[in-house]
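Here the structure comes first, spelled out in structure tokens, and everything after it is commentary.
The values are calculated or read from the model by the stated rules, or taken from the named source; none is laboratory data. Predicted model, so just to flag it, every value in this text is computed and none were measured. All Cβ positions, even for glycine, are placed from backbone atoms using ideal geometry, and neighbour counts span all protein chains on display.
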Amino acid sequence: MKRYDEEYLTDSPEEQREKEQREEIKRIVRGEIRRVERGEADEDIADDIRREEEQKGQERKRRRPRWLHGIRLVLTGEILIGDEMSRFYNYATYIALMFFLSIVTLFAALRLEMRRDALEREVELLHERSIRMKEQRCNLSSHSAIMQRLQERGIDLYDPFAPNNVIK
């Protein structure tokens, strides 16, 4: 090895290497700045941004619980385009039809129940009306009501002198 002489050399070999590395970095930076100014680095920058976003997304996925991912798949409908689900399309279609049929049946039953309630209310009103009419008829056909009507018309009511004949 050569002996290092401090009097004649101002920089040690390590310092020279560091200077060369700094110069190399400056040269690379200047070249990149020229590329950016000319517009040649736009695609590289966009790729870098995409890669960083993908890495952040992967980190978020790793931090997110597995069940939350399953819920997201179901809510967005992405579960239907997966390979494992494509084998079960027939069953999924059948289940969807059964859900639809149960909903239709439920609404039909609800509609019929509402109609039945309306008819029951109508029957109650008719029953009350018939009771009132019977009551009015009874009041009009009573002896005192007949006497009052006849007096209003000026007709005197008298009892017959002959006894009632019973027809057999």
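Here is a check on your reading of the model: is E78 surrounded by 10 or more Cβ atoms within 10 Å (Cβ to Cβ), within 20 Å of the chain's Cα centre (by Cα) and of a type in the set (D, E, K, R)? It is true that E78 is surrounded by 10 or more Cβ atoms within 10 Å (Cβ to Cβ), within 20 Å of the chain's Cα centre (by Cα) and of a type in the set (D, E, K, R). Of all residues in segment 2-30, those that are modelled with pLDDT under 85 and exposed (fewer than 10 other Cβ atoms within 10 Å of the Cβ) total 8.
Checked against the criterion of being surrounded by fewer than 10 Cβ atoms within 10 Å (Cβ to Cβ) and either in contact with a Cys (Cβ under 9 Å, 6 or more places away or on another chain) or modelled with pLDDT under 80 (or both), segment 85-93 contains not a single residue that satisfies it.
In this structure, does H127 turn out to be at pLDDT below 85 and not in a loop (DSSP other than H, G, I, E, B)? No; evaluated as a whole, the condition is false for this residue.
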